[in-house]
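The values are calculated or read from the model by the stated rules, or taken from the named source; none is laboratory data. Note that the structure is a prediction, hence the values are computed from the model and not measured. All Cβ positions, glycine included, derive from the backbone under ideal geometry; neighbour counts span all protein chains shown.
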Amino acid sequence: MHYFETGVELSIAASVNIAGSLAWGKHHGGEAVDRGLRRHIDSGIGCGGSPVGGGHRLPLCAHHRRAWVTVFRRRTAHCCCGALRVEVSADPDAVVACHCGECQRRTGSVFGVGAYFKREHVHAEGPSKIYIRDGQEGRKLRQHFCPTCGTTVFWDADLRPDHIGVAVGAFNDANFPPPTRSVWEESKHGWVAFAHDVPHFAHGRPT
């Protein structure tokens with residue numbers, strides 16, 4: 001998945017994902033965006049009327065570049081049964097791999113990975129229940145989970161009042177950005193390792 005905020009061309013290889021994303025455009029009243037982008041994709045003609053050279057590049061005007069970015073910056077996470085969903089409209093400010101005991105219990109795995117988005121970029125819909133647990137220094141963390149399948153999809157914490165954490169696995173996106181830091185490594189399993197350079201912290205993030 002690629003974002004073209006300043007570029008002038010759209011790779012045809014990336015356009016194979018357009019159908020699902022344009023469904024979002026229609027749902028949110030984006031019929032004009034749908035028709036415009038689909039015309040360029042289906043016809044192989046750029047906004048300036050020039051045929052696509054060699055079938056590899058599709059020139060887009062500034063208007064449709066902005067529309068493309070708007071569509072493709074949106075990601076959706078959901079629970080196992082699909083009832084509880086979260087749509088995000090921006091890239092995460094941080095992606096954190098956490099090895100604390102609570103995240104291990106929450107996920108049933110040896111660590112959890114959460115993506116943190118500004119609250120205004122997160123929209124949740126569907127039924128949920130909340131489990132409130134204690135954090136450090138008396139702070140609270142509220143985990144929102146589906147009452148049907150039990151999946152924790154997102155959470156909010158006193159530590160980051162302006163952000164919402166979303167379980168990265170709920171996006172089911174192998175191209176999601178990798179962790180930007182690894183925390184609570186004092187309880188990390190010894191065989192866990194990352195393939196990229198990432199800051200390591202024995203406890204939580206520095207405050």
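Are any of the residues in the stretch 85-106 over 29 Å from His196 (Cα atoms) and at pLDDT 95 or above? Can you show your working first?
Pass one, the stretch 85-106, residues over 29 Å from His196 (Cα atoms): 85.
Add one more test, that the residue is at pLDDT 95 or above, and what stays is 85.
Yes: one or more hits.
Annotation note: Cβ proximity below 9 Å between a residue of the stretch 97-110 that is outside the structural domain of Phe176 (by TED's automatic domain parsing) and a residue that is at pLDDT below 95 (sequence gap 6+ or interchain) occurs for no pair.
Quick grid of which residues meet (1) touching a strand residue (DSSP E or B) at 6+ places or on another chain (Cβ under 9 Å); (2) surrounded by 20 or more Cβ atoms within 10 Å (Cβ to Cβ); (3) in contact (Cβ under 8 Å) with a residue 24 or more places away in the chain; (4) not charged (D, E, K, R):
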position	(1), (2), (3), (4)
Gln136	no, no, yes, yes
Thr148	no, no, yes, yes
Leu159	yes, no, yes, yes
Val166	yes, yes, yes, yes
Arg181	yes, no, yes, no
Glu185	yes, no, yes, no
Trp191	no, no, no, yes
Ala195	no, no, no, yes
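Considering each residue of the stretch 121-154, count those that are assigned to a helix (DSSP H, G or I) and modelled with pLDDT of 95 or more, and give that number.
The first filter runs over the stretch 121-154 and keeps only residues assigned to a helix (DSSP H, G or I), leaving 121, 136-138.
Cutting the leftovers down to modelled with pLDDT of 95 or more gives us 121.
Result for the stretch 121-154: 1.
Residues of the stretch 95-149 that are under 25 Å from His203 (Cβ atoms) and polar (S, T, N, Q): Gln104, Thr107, Ser109, Gln136, Gln143. Right, Ser182: outside any loop (DSSP other than H, G, I, E, B) and over 19 Å from Glu87 (Cα atoms) or not? Yes; evaluated as a whole, the condition is true for this residue.
Could you please find all residues in the stretch 111-134 being without any contact (Cβ under 8 Å) to a residue 12 or more places away in the chain and closer than 15 Å to Ile164 by Cα? Before you say what the answer is, go through the steps one by one.
First pass over the stretch 111-134, keeping only residues without any contact (Cβ under 8 Å) to a residue 12 or more places away in the chain: 120, 132, 134.
Glu120, Ile132 - these are the residues of the stretch 111-134 that are without any contact (Cβ under 8 Å) to a residue 12 or more places away in the chain and closer than 15 Å to Ile164 by Cα.
Starting from residues that are under 16 Å from the mean Cα position of the chain (by Cα) and in a loop (DSSP other than H, G, I, E, B), keep the ones in the stretch 83-120 and report whichever is farthest from Ala174 (Cα to Cα). Of everything passing the filter in the stretch 83-120, Leu84 is farthest from Ala174 (Cα to Cα).
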